[in-house]
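The values are calculated or read from the model by the stated rules, or taken from the named source; none is laboratory data. The structure displayed is predicted, hence computed values, not measured ones. Reconstructed Cβ throughout: ideal geometry from the backbone, glycine too, with neighbour counts over all protein chains shown. Side chains are part of the model used for accessible areas, which takes the heavy atoms of the whole protein and leaves out ligands, DNA and RNA. Shrake-Rupley method; radii C 1.70, N 1.55, O 1.52, S 1.80 Å.
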Amino acid sequence: MSDCLFCRIAAGEIPANVVARTADAMAFHDINPQAPTHVLVIPTEHVAGPADLVAPGRERVAGSLLQFAAQVAHQLGLVATGYRLVLNQGVDGGQSVGHVHVHVLGGRRMTWPPG
Ligand code: AMP
Ligand code: ZN
């Protein structure tokens, strides 16, 4: 989608601090980090949010996105101390970009419940 920020990052039209890429996903540092390590993992294909992962055939996108997020956390050295994966959906979820993304947060002790 030409008007989608993360599609434009995936296409290389908007610069990002890229951590890793696969054929169908990429990971880049969040522009406004909420933890010492804060990386976003997105599918290259436009999927608006977690709610759209229920569409037929999207299980492959959902599975590879979660697996890639785990690989990125490993690459960033977060496994020993731990990390948090977050997906926000819609207004109550606090989603601000309409292209599904996994937040990979680490480097500090997270609190619960989330805000
Ligand atoms: P969410 O609120 O879950 O939709 O998360 C969107 C995230 O995208 C926020 O944490 C923003 O800081 C981040 N963000 C917005 N624009 C950019 C950008 N150009 N590059 C990297 N991260 C961004
Ligand atoms: Zn998009």
G57: at pLDDT below 95 and either open to solvent by less than 40 Å² (accessible area, probe 1.4 Å) or not β-branched (V, I, T) (or both), yes or no? yes
Of all residues in region 61-87, which are in contact (Cβ under 8 Å) with a residue 12 or more places away in the chain, open to solvent by 40 Å² or more (accessible area, probe 1.4 Å), more than 16 Å from M26 (Cα to Cα) and touching a Ser or Thr at 6+ places or on another chain (Cβ under 9 Å)? Y83
Among the residues that make up region 2-15, is at least one of them away from ligand 1 (no atom under 14 Å from the Cβ), of a type in the set (K, R) and over 21 Å from W112 (Cα atoms)? no
For region 90-115, give me the residue count where each residue is open to solvent by 80 Å² or more (accessible area, probe 1.4 Å) and within 13 Å of ligand 1 (Cβ to nearest atom). 4
How many residues does region 1-17 contain that are in contact with a strand residue (DSSP E or B) (Cβ under 8 Å, 6 or more places away or on another chain) and within 16 Å of ligand 2 (Cβ to nearest atom)? 4
